[in-house]
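Here's the structure, in structure tokens; my notes come after.
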């Protein structure tokens, strides 16, 4: 996928937005060619320097930006020159999908291994042990807790697991 196409992909845009948030999105959405300082980015984008630095640091933590330090010979000040490494985005997205698959598999096991009770008034769900400790009475409103089937939840989790496995090319 070409670099420009990558940045136009809605999945990539959502991923970047989740990482840096709305204040950092201008930094992530329009990476400059070559090296740039945080001050130059802030001025070019009309953003607060702290917002730019926060976005750059988050991108750096996720292997999407790199920097090199240059020391000014006269003042001794360090300048950080940033470059963007968006070739790593597909790999990062793959890793996120694998983490999501693992979490969903854990959730499925949890749903399958537990019995649940529900307060119909408050919509609060309790595991059997909690419900028993509460005398099958809601601690918020005092209503009786009713046994709750969770087959629909398990089916929904199974559907999502199957879709992720398919996207990842993973078999059981």
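The values are calculated or read from the model by the stated rules, or taken from the named source; none is laboratory data. All values derive from a computational prediction rather than experimental measurement. Every residue, glycine among them, receives a Cβ derived from its backbone with ideal geometry; neighbour counts consider all protein chains shown.
Regarding residue 147, is this residue modelled with pLDDT of 95 or more, part of a strand (DSSP E or B) and exposed (fewer than 14 other Cβ atoms within 10 Å of the Cβ)? Yes; evaluated as a whole, the condition is true for this residue. Apart from one condition, residue 120 fits all of (1) in the same structural domain as residue 17 (by TED's automatic domain parsing); (2) touching a strand residue (DSSP E or B) at 6+ places or on another chain (Cβ under 7 Å); (3) surrounded by fewer than 14 Cβ atoms within 10 Å (Cβ to Cβ); the exception is (1). Just to verify a result, which residue in region 46-57, among those that are surrounded by fewer than 16 Cβ atoms within 10 Å (Cβ to Cβ) and part of a helix (DSSP H, G or I), is farthest from the chain's Cα centre (by Cα)? Taking the candidates together, the pick is 49.
Matching residues to (1) modelled with pLDDT under 95; (2) surrounded by 14 or more Cβ atoms within 10 Å (Cβ to Cβ); (3) in contact with a helix residue (DSSP H, G or I) (Cβ under 6 Å, 6 or more places away or on another chain):
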position: 6; (1), (2), (3): yes, yes, yes
position: 18; (1), (2), (3): yes, no, no
position: 28; (1), (2), (3): yes, yes, yes
position: 33; (1), (2), (3): yes, no, no
position: 59; (1), (2), (3): no, yes, no
position: 72; (1), (2), (3): yes, no, no
position: 76; (1), (2), (3): yes, no, no
position: 92; (1), (2), (3): yes, yes, no
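Residue 69 falls short on exactly one of the conditions (1) part of a helix (DSSP H, G or I); (2) in contact with a strand residue (DSSP E or B) (Cβ under 9 Å, 6 or more places away or on another chain); (3) without any contact (Cβ under 8 Å) to a residue 24 or more places away in the chain, and that condition is (1).
Every condition in (1) surrounded by 15 or more Cβ atoms within 10 Å (Cβ to Cβ); (2) at pLDDT 80 or above; (3) farther than 30 Å from residue 71 by Cα holds for residue 14 except the one numbered (1). Where the second residue is not in a helix (DSSP H, G or I) and the first is in contact (Cβ under 8 Å) with a residue 24 or more places away in the chain and lies in region 91-107, which pairs have Cβ atoms under 8 Å and are six or more apart or on separate chains? If the second residue must be not in a helix (DSSP H, G or I), the pairs left are 92/62; 92/63; 92/64; 101/170. Annotation for region 103-116: at least one member residue is part of a strand (DSSP E or B) and surrounded by 13 or more Cβ atoms within 10 Å (Cβ to Cβ).
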